[in-house]
1. Hey, if you put +1 on the Cβ of every Lys and Arg and -1 on every Asp and Glu Cβ in segment 37-117, which of His108, Ile45, Thr55 ends up farthest toward the positive end of that dipole?
2. Starting from 0.36 nm per residue, how many nanometres of slack lie between Lys69 and Ser15 once their C-alpha separation is accounted for?
3. Ordering Tyr92, Tyr59 by accessible area with a probe of 1.4 Å, largest first, what comes out?
4. Between Asp102 and Arg127, what FRET efficiency follows from the Cβ-Cβ distance if R0 is 25 Å, with the result rounded to 0.05?
Amino acid sequence: MFQAQSKHPRYRDLSEVEEQVRKLAIATLTIIPNSIRRDGKHRKIDMACSACAKTYTLYVDNLLSCKTKGCRCQQRLGKYRDPRSASLGQRYDAIVQRCERDTHVSSHNYKGRGIRNLLGSREAFVRWALAMFPRTDFKGLDFDRQNNDGDYTYENLQVVPRSINLRNRRNSINPPTKEEASDFLLRVRKRVRPS
């Protein structure tokens with residue numbers, strides 16, 4: 001015969017459960033004291049995030065089973081914990097499409113000429129860019145090959161504004177000088193991202 005609440009064999013007092021949740025390391029979340037409660041068949045608790053300063057109601061069972069490991073604001077940042085990673089990943093995907101897909105509109109200028117992508121994986125490229133340029137947001141900037149006949153390698157990549165990238169072509173009358181690109185690169189490294 002079914003026995004409800006305190007008569008159930010697996011019943012636990014809410015204060016015990018709150019203490020168990022308190023022992024978990026849940027990233028930026030902290031428990032709001034005495035907020036644990038039963039809502040129908042679910043146990044819920046209120047937690048505050050120190051990163052986004054919001055309060056969330058979370059399911060206790062998801063916290064205890066590690067299905068919920070942190071605040072939603074941290075989950076949206078992705079595995080790199082950096083909002084720039086999505087844009088960098090898309091740039092890597094574009095390099096792959098140009099160098100490896102026959103269907104890309106510019107395939108004949110890249111794959112057709114034997115230009116290869118030697119950057120490794122998408123994750124390796126994103127981590128390299130985040131480490132190399134920790135203070136820039138990459139807005140209005142392109143990853144360009146210094147040597148137009150060379151492959152996509154980390155040694156051959158430079159970050160330049162679109163105007164310099166458009167001048168760095170095989171048939172360009174006025175190609176950019178190395179000094180222009182390197183002077184700009186120094187400014188990029190110092191550029192501070194908006195917080």
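1. Looking along the dipole axis, the top candidate is Ile45.
2. Working: separation 54, 0.36 × 54 = 19.44 nm, distance 2.10 nm.
So the extension gain works out to 17.3 nm.
3. Heavy-atom accessible area, descending, gives Tyr59, Tyr92.
4. Values: r = 29 Å, r/R0 = 1.16.
For Asp102 and Arg127, the calculated efficiency is 0.30.
The values are calculated or read from the model by the stated rules, or taken from the named source; none is laboratory data. Please read all numbers here as calculations on a predicted model, not as lab measurements. So basically every Cβ, Gly included, is an ideal-geometry build from the backbone, and we count neighbours across all protein chains shown. The area values use the complete protein model at the heavy-atom level, side chains included, leaving out ligands, DNA and RNA. Shrake-Rupley method; radii C 1.70, N 1.55, O 1.52, S 1.80 Å.
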